[in-house]
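Peer 1: Quick one: the structure is below, and I'll ask about it shortly.
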Amino acid sequence: MKVGEWMESRMQDALMIGVLVASFAWLIIVGSLLPEYAEIFGPIGYFVIIFGGLFGTEIAVREYVNSYPYLRLLVRPENRWLHVFLKPPGATRRVGPDMYSTTLDLRFPIKFDGHMVKRIELHHTGQWSERIKFRRGTCVWSGFSVPHPQTEILEVYRVPKASVMVDRSEVVPVFILKSASQDYYRPAQLSIEPVFNAEDLITRLETLEAQLAEAERQKSEWHQRAVAAEEIAEQQKAEIRGLMETKSGLKELAYEYMLTIYQACGSIEKALQKLKGTTISREIVKYIAVTVISLAVIALLWANPNIVEAIASNVLFLIVIIVVAVAAIVYITRRRK
């Protein structure tokens, strides 16, 4: 057994040893650092550590696991005990005549045959309520034994070729319920002594029944998954078909929308400008550039009055500038029309 597994199985003993060590360490520390108060604080801290470490931990563990039903499984033929806490009751399916399969979802994963197990499949004859009844008892969690209001002890066994199921890389152990607490109240089964020694045949028959039950359970489960996957596939096909139909009519819709905008605007350029939305047009950019240049020229002339005087003295140069400006304005106006 590895050190981690041993620590987990003996956690309660390890906690007791740790609490004793901590209490003695407290006495030594208080006696060394506060010798004048050692007689007062030493015993107080000692008993606080003892009672808090032992009873406080037990209360915390008990409150943590009390809301989950507890099963203690005796696995045959290994004679191995498994301690499992259950989530809300799993699904129970009928897999044969008076044969059922119940999925047990575990609240705390357990290690089984080198794998971390999150759920267990349990085959049993009779209804779950006819075989199982939770009673007040003691549970074991990580080596701690604490009182629990919902406990049950089951004897289970495994059969070859039906003991493990692999579902999406998850290992799921499969057990057959041999006995439970409610079996005491069930009608006794008639036992007929065989005339011939048929122990091998009986064992083989039990094995085949267990394998058949597991096969029926897996068939039912995979059938449900296949039906769900088929429904999802049909829904996706319908969505893809709708998208393809929408895409085929998109071209005609674009033509109609473009013609409507063209008729409203009167020209292709304006229609394209309308399609571009609220982006800044070239005309606005031109106006902004002209404004910036004009302000720059005015600032330059304002900072250099001698340039204004030179231009004013040269009448011919001033006339040329005015003519060029008027020609530019006329050209821009005609081009816009």
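Peer 1: Given the criteria over 24 Å from Glu58 (Cβ atoms) and in a strand (DSSP E or B), does Glu121 qualify?
Peer 2: Details: over 24 Å from Glu58 (Cβ atoms): yes; in a strand (DSSP E or B): yes.
Against the criterion (over 24 Å from Glu58 (Cβ atoms) and in a strand (DSSP E or B)), Glu121 qualifies.
Per-residue answers, yes or no, for (1) out of contact with any Leu (no Cβ under 7 Å at 6 or more places or on another chain); (2) modelled with pLDDT of 85 or more:
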residue	(1), (2)
Ala91	yes, no
Pro97	yes, no
Tyr100	yes, yes
Leu104	no, yes
Arg107	no, yes
Gly114	yes, no
His123	no, yes
Glu130	yes, yes
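Peer 1: Taking helices (runs of 4 or more DSSP H) that fall entirely within the range 1-76, which contain at least 2 residues that are crowded, with 16+ Cβ neighbours inside 10 Å and at pLDDT 80 or above? Quick ask: steps written out before the conclusion?
Peer 2: Values: elements: 3-9, 11-33, 38-51, 57-65.
Those helices (runs of 4 or more DSSP H) span 57-65.
The values are calculated or read from the model by the stated rules, or taken from the named source; none is laboratory data. Remember, predicted model here, so these are calculated numbers, not experimental data. Note that we place each Cβ from the backbone using ideal geometry, even for glycine, and neighbour counts take in every protein chain shown.
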